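First comes the structure, then the notes that go with it.
Nothing in this text is a laboratory measurement; each read-out follows from the coordinates by a stated rule. These numbers come from a predicted model, not from an experiment. Cβ placement follows ideal geometry from the backbone for every residue including glycine, while neighbour counts extend to all protein chains displayed.
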Amino acid sequence: MTEVRPMTERFSRRTALGGLVRSMRPGQWSKNLLVFAAPAAAGVITERGPLGDAVLAFLTFCLASAGTYLLNDARDVDADRRHPVKRDRPVAAGQLSVATAYVVGAVLIVAAVLVGFVVATPLGWTLLGYLGLTTAYSFGLKNVPVVDLVAVSAGFVLRAVAGAAATGVPLSEWFFIVTSAGALLVITAKREAELAHHHRSTSDPNERPTRAVLSSYTPGFLTSVRSIAAGLMLVAYCLWAFEGGPNAETVTGTAVWLQISMVPFAIVVLRYVQLADAGVAERPERLVFTDRVLIVAGLVWAVVYAVGIYVA
């Protein structure tokens, strides 16, 4: 018995540690790569100072999002235990205590904000705005039709804004429009896939979906919003490219490369629309790393864009 107890305690600690890591949702942290968008688009990401600040901004958003996930799992533990999928989350499954989730979540969020203000005051305020938005979303906005689409999209946009705030890069109106429209496209496609999955998985038309707000949406409405977002994204990017991008006034060759980049950019957008129409965009963070057309077109766009901004 004296040997079993230490082994059991070590096993419990490993289980709790594994549950803590899983509750932080590291698979979702890829969304925070958006903080590199503004400095990369402005052509300063290769400079040591902006690159370091962007990396720190990425880390602060990973801390903030991880803390938010922990607090949400602790607060929603009873509801999650009744959910067919969420009941397997570490807190709901009893692998991680509610108290631990609350404490670690709060520590991560406070650390993220403090580091954010140390890096740059605008980054700290952006983090506070993001945390305020996610809190409002968790406590009610997620159940308000249309508003939930805008709220989640705004979370993506704030990540991009954070990169500019950390590095001191001014945001152009075109960058903001493209980012906002792209975020709306992604979240609308996600809702479409979730609604389609609900319709396929139930034979009772009166059964409510697990995400309550889906009951307020129709496939036609979500398709219309997706089309608007995709169209706005393409038009805004094309107008920006024809203006020559961020270096138009100093580098004459930039405009040509940015105009060429419209082709792979359009392929990326249209391919994503096609996948969304097929109802397979429920997990966008996986989709962009598994679909060959998206990967190849995205890499071609990145190369052409980089040549225009950093070489031409």
Worksheet item: What residue among Thr188, Thr46, Thr223 has the largest mean-square fluctuation in a Gaussian network model of the chain, using Cα springs under 10 Å?
Response: Thr46
Fill in: 20 Å-binned pair-distance histogram of the chain (Cα, whole percent)
29, 56, 15, 1
Item to complete: Would you mind estimating how fast the range 1-171 diffuses translationally, via Stokes-Einstein at 10 °C and 1.306 mPa s with the Kirkwood radius over Cα pairs, in µm²/s?
Response: 92
Discussion item. For the chain, what does the helix formula give at 222 nm: sum of -39500 (n - 2.57) over DSSP H segments with n ≥ 4, over the residue count, nearest 500 deg cm²/dmol?
Written reply: -24000 deg cm²/dmol
Worksheet item: Where in the range 56-139 are there trypsin sites (Lys or Arg not before Pro) that are in a DSSP coil and have at most 11 other Cβ atoms within 10 angstrom of their Cβ?
Response: Arg82
Worksheet entry | Per-residue HN-Hα couplings for the range 177-191 [Karplus 6.51, -1.76, 1.60; θ = phi - 60°; Hz; x = Gly/Pro] | 5, 4, 5, 5, 5, x, 5, 5, 4, 5, 6, 5, 4, 5, 5
Discussion item. Need the C-alpha centroid separation for the range 149-220 versus the range 66-129, integer Å.
Written reply: 21
Discussion item. Could you derive backbone 3J(HN,Hα) for the range 47-53 from the dihedral phi with the Karplus parameters 6.51, -1.76 and 1.60 (θ = phi - 60°), listing whole Hz in sequence and x where the residue is Gly or Pro?
Written reply: 7, 4, x, x, 5, x, 5
